[in-house]
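One structure is given below, encoded as structure tokens.
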Amino acid sequence: MTILELSHESVAAAVDRLMGIDADDVIDPRELVILAHASIQVVVASSLHMAPELSMALSRFVEPVHRRGVDLAPVQPDLAIELRIISAGLEAILIGMNDAIAPAQRIEPLTDLVQRLDPVSGMLVGPIVGSLIGILHYVTGDLAPAKTELARITAMDIPLVRMQSELALAHLAFLDGDWDTAHALADKHLAATLDSLQAPLWPQSFAVAALVPAARGE
């Protein structure tokens, strides 16, 4: 219900709806997967609405979802892996979008998270964390590690993270003087942003797409 109603209700209302759930009282582990997915959707929505602080309370779900994944490993290994993956994804997105902490100070917790991941979770969640680290390096002006991390974008990335990564890569290519690459990346990013109907992202998408034509006097 939270996911379905998210486009119609405020982020604060969505957070309140989820905060009414006690993860320790959820018996069916499949419902924990749904709870964590819903939490990720709300965290992303709060960031798009420039109010990421609203969703930080959802960090309470990370530990119980991960713990259930560990407990189930001997009897339901596939479900156990899914629980650990989704809990790690929720933790990553909460750290990466926590504006209460300076961007440079979020990099170390994300790096620590990668080191804590088991091999399967690392394979799937690692690229998402890498993109978040790359975006944070980009925001802090540390461009060399930003390019290294952002070059590893994969289709597994959360859509908002992938779009922000592509936006940063387009800008970095422009700064490097590789205008053709910058223009191609910016046009691709703009099309994806418009298709996603995420209006809060449109201004920066149009601005980056206009960089190369503006520099060429077009």
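Descriptive notes on the structure:
- Taken over the chain, the convex hull of the Cα atoms encloses 118 Å³ per residue.
- When peptides 40-47, 143-150, 18-25, 102-109 are ranked by their average number of other Cβ atoms within 10 Å per residue, the highest-first order is 40-47, 143-150, 102-109, 18-25.
- Per-residue ellipticity at 222 nm computed for the chain from its helices equals -22500 deg cm²/dmol, with DSSP H segments shorter than 4 residues left out and the rest contributing -39,500 (n - 2.57).
- Here the range 31-174 has 61 percent of its accessible surface on carbon and sulfur atoms, given a 1.4 Å probe and all protein chains in place.
- Order by protection proxy (mean Cβ within 10 Å, highest first), peptides 49-61, 123-135: 123-135, 49-61
- For the range 74-122, the solvent-accessible area works out to 49 Å² per residue, with a probe of 1.4 Å and every protein chain left in place.
The values are calculated or read from the model by the stated rules, or taken from the named source; none is laboratory data. Quantities reported herein were computed from a predicted structural model and do not represent experimental measurements. Cβ atoms come from the backbone with ideal geometry, glycine included; neighbour counts cover every protein chain shown. Just the protein is used for accessible areas: all its heavy atoms, side chains included, with ligands, DNA and RNA removed. Shrake-Rupley method; radii C 1.70, N 1.55, O 1.52, S 1.80 Å.
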